[in-house]
Amino acid sequence: MKLRRLLLLSLAPLAATTGVRAQAARLDATADFSLRRVVERELVAARAIGLPEGLLIAKANEGIAKRATPRRIADAVAALGKRLQVARDQLAPNPGEDEIAAGADALYVGVPAPILKKMRAAWPNRSLALPLGVLTELVAKGLPANRAAQVVTDLMARGASNVQLYALAQSVQGDVAAGWAPEAALDLRARGVMSLLPPATAASAFTNPRRP
Amino acid sequence: MDARDELIERAAAVLRRDRPRNARVVSRILGAVDGRSRRWWRAATWPSAPFSLAATLSLAAAGLILGFVTRDAAVRRDRGVPLAAQEEAPVRAQALRMMPASRGASEATTTPVQFTLRDVRAARVALVGDFNGWSQTATLLEPGTKAGTWSVTVPLSAGRHVYAFVVDGQAWMTDPRSPKARDLDFGRANSVLIVQAP
């Protein structure tokens, strides 16, 4: 009886480790031993709380491809793990892997975490991968995160489609590349999309909080 | 003791004799009604149930073998060693299969996107990005008919993607046709692309 329990107890962590090792095997073959150990530790932590492990491996592979030091790669992987957790929690209840990844990217460029929750509230049953990508790109182009988030969430709440959000991002990207100030480009292009949408309803009121 | 007492005593004796049988019947009926939960209970208490040493050792051996097989398959996939089913597949098809490795499309909708690069000195060009787990072996560009042109088409899910080219396994190159994305983690810029749903 004791031997059986001992064997079963020793098998449980073995099974978990084997799963993590199988994932870690997707790490670039040139990863050194110490980096492998660090990434495996992060994978175990991610698996324990149900985060997508593949994204952590991808981050490590990106660092390896860019010839970053193992220390830097380990830090980046750990930081991504934290962002993924925040993104997953903010995009609850059932975010897809691409949404969690897009949420983590948004946090990476400086989008405040509560914005993700607002976006989920605006589109509870649709994928946020594209809107989050548009928001991330707008902020990456130099727009203040809160201003960009307000425009995107307002458009979502007013019924803008993925195509319209995509067009907004493309237009602003083009305008900024042509030398426009990012905020001026966003205001102009957002007005253009707004003009095609039905008037604001109560559903979108939360994106336009009353100012004192 | 009168005749009535004797009758009662005989009836009681019969009932006492029947009690164990009744208990079994009751137990069987309850078992049938509650069969599902009992099966769950058996599964939950399985580790403390009687179990032979041979069976336990067999289970341990099976677990180890499964673990090593899984690991070996993953290593082979990562190193680009062709699995039996992939042996004859062209590079482009391999790339398509590798796509969901990192960022799966939750809506099962992808848009084919063509990546091109012009580099007359390149002997091998790989596309790396968040869509293929930044793997340098997953997506190789094919040389075009014109010298120095390289291209590959990959299906991408809707959203923002960052990527780059790795030339000859050494040089990191952003796409000259796409905007750049800063990389604060590693210090080398990526190219950025927003894909809309089809």
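Just a few scattered comments:
- Under the simplified labelling scheme, the A:ASN146-A:THR69 pair shows an inter-label distance of 3.7 nm, with each label point 7 Å from Cα along Cα→Cβ.
- Modelled FRET efficiency - R0 45 Å, A:ARG47 with A:GLU183, Cβ distances, 0.05 increments: 0.60
- About the Cα centre, charge dipole magnitude for the stretch B:115-195 (Lys/Arg +1, Asp/Glu -1 at Cβ), debye: 240
- Residues B:TYR163, A:TYR166 in ascending order of nearby Cβ atoms (within 10 Å, fewest first): A:TYR166, B:TYR163.
- Förster radius 22 Å - calculated FRET efficiency between B:ARG118 and B:THR153 (Cβ-Cβ, nearest 0.05): 0.85
- FRET efficiency for A:GLU40 and B:LEU184, using Cβ-Cβ distance with R0 set to 22 Å, rounded to 0.05: 0.35
- Extending 7 Å from the Cα toward the beta-carbon at both A:LYS82 and B:THR109 defines two label points whose distance is 3.6 nm.
- Least to most buried among B:LYS146, A:LYS59 (fewest other Cβ within 10 Å first): B:LYS146, A:LYS59
- Nearest-20 debye value, the stretch A:114-212 charge dipole, Cβ charges on Lys, Arg, Asp, Glu: 380
- Between the stretch B:121-193 and the stretch A:102-177, the C-alpha centres lie 24 angstrom from each other.
- Residues A:ASP98, B:ASP168, sorted so that the one with the fewest Cβ neighbours within 10 Å comes first: B:ASP168, A:ASP98
Values quoted throughout were computed directly from the atomic coordinates according to the rules given, and no laboratory measurement underlies them. Source: prediction; values computed, not measured. Quick reminder, even Gly has a Cβ in these numbers, built from the backbone with ideal geometry, and neighbours come from all protein chains shown.
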